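Below is one structure, written out as structure tokens; comments come after it.
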Amino acid sequence: MLKLIRKVLKTGKATVDYPFKPLDLHPHFRGKPQYNAQQCIACGACANACPSNALTMTTAEDGESIRWSLFLGRCIFCARCEEVCPTAAIKLSQEFELAVWRKEDLFETADFPVCHCRECGAPYAVQKEIDFALDLLQENAALSDAQINERRRQYETCPACKKGHSLSSSDRIAIGRHLTPEAHL
Ligand code: SF4
Ligand code: SF4
């Protein structure tokens, strides 16, 4: 018995005082994803990368906005969302005390208005994402206002309308003229 007590005293304390004292976390500890809706452009990259489907992008009930949603109950704190986010809108924090009384409190959502196609009026993209792409162009490519307005017209036209305007039907393209006699051998 004395031998055991001596060993215990020599080993010292093997546990921590949490929750009576704050826990000393490793700087790389991965806790609750912290989301900043102001910074988010609703590109959906995080939802695509999330391996547990904790992050989703859906059409809101009114059909006029896209809903970004995080369900903490499914999060595995892998940080893939942080890695892929182009605007640093989501970062893992060191927060780990996540118990709640109601399941609804594990959800975080943000709605983003959609852009309606200038020609057919169909909703097809998040307006904030289009604005962000144009801002980037203006910043980095130094385009004139007229060029930016032209790009805005293109970006705010849905793919189906763009296709109808600018592409010929494929059977009107004479592909055969590019073939050399050798190609037929
Ligand atoms: S940390 Fe991983 S599981 Fe959690 S929301 Fe981000 S990508 Fe999804
Ligand atoms: S990747 Fe970033 S910007 Fe894109 S939807 Fe997720 S949080 Fe928003």
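Just so it is clear, none of the values below were taken in a lab; they were calculated from the coordinates. Owing to the predicted nature of the structure, the values given are computational and were not obtained by experimental measurement. Every residue, glycine among them, receives a Cβ derived from its backbone with ideal geometry; neighbour counts consider all protein chains shown.
Averaged over residues, the count of other Cβ atoms within 10 Å places the peptides 3-11, 60-68, 43-51 in the sequence 43-51, 60-68, 3-11, highest first. Among 49, 115, 90, whose Cα sits farthest toward the positive end of the charge dipole of segment 27-165 (+1 at Cβ of Lys/Arg, -1 at Cβ of Asp/Glu, about the Cα centre)? Farthest towards the positive pole: 49. For trypsin sites (Lys or Arg not before Pro), the sites in segment 92-176 that DSSP calls loop and that have at most 13 other Cβ atoms within 10 Å are 102. When the chain is described by a simple charge dipole with +1 on each Lys and Arg Cβ and -1 on each Asp and Glu Cβ, the residue from 37, 11, 142 located farthest towards its positive end is 11. Between segment 1-69 and segment 116-132, how far is it from one alpha carbon centroid to the other, in angstrom? Spelled out, the Cα-based centre of one part sits 35 Å from the other. Computed from Cα positions, the angle between helix 127-141 and the longest principal axis of the chain comes to roughly 80 degrees.
Distant-in-sequence amide contacts of residue 114, defined by a placed amide H-H separation under 5 Å and a gap of 5 or more residues or a different chain, comprise 65, 66, 127.
Under Stokes-Einstein, with the Kirkwood radius over Cα pairs as Rh, the value for segment 27-165 at 25 °C and 0.890 mPa s is 146 µm²/s. Simple spin-label estimate for residue 18 and residue 153 gives 5.9 nm between the two label positions (7 Å along the Cα-to-Cβ direction from each Cα). Exposure proxy ranking for 124, 35, based on other Cβ atoms within 10 angstrom of each Cβ and starting from the fewest, stands as 124, 35.
Short-range pairs are left out: with C-alpha atoms under 8 Å and at least six residues apart, the relative contact order of segment 27-165 is 25 percent. Fully extending the segment from residue 49 to residue 36 would add 2.9 nm, taking 0.36 nm per residue of separation and subtracting the current Cα-Cα distance. Using θ = phi - 60° in the Karplus curve 6.51 cos²θ - 1.76 cosθ + 1.60, the 3J(HN,Hα) couplings for segment 66-83 round to 9, 9, 7, 9, 10, 10, 4, x, 9, 5, 10, 6, 8, 6, 4, 4, 5, 5 Hz; x is entered for Gly and Pro. Please find the FRET efficiency linking residue 135 to residue 10, where r is the Cβ-Cβ separation and R0 is fixed at 45 Å, and quote it to the nearest 0.05. The calculated FRET efficiency here is 0.10.
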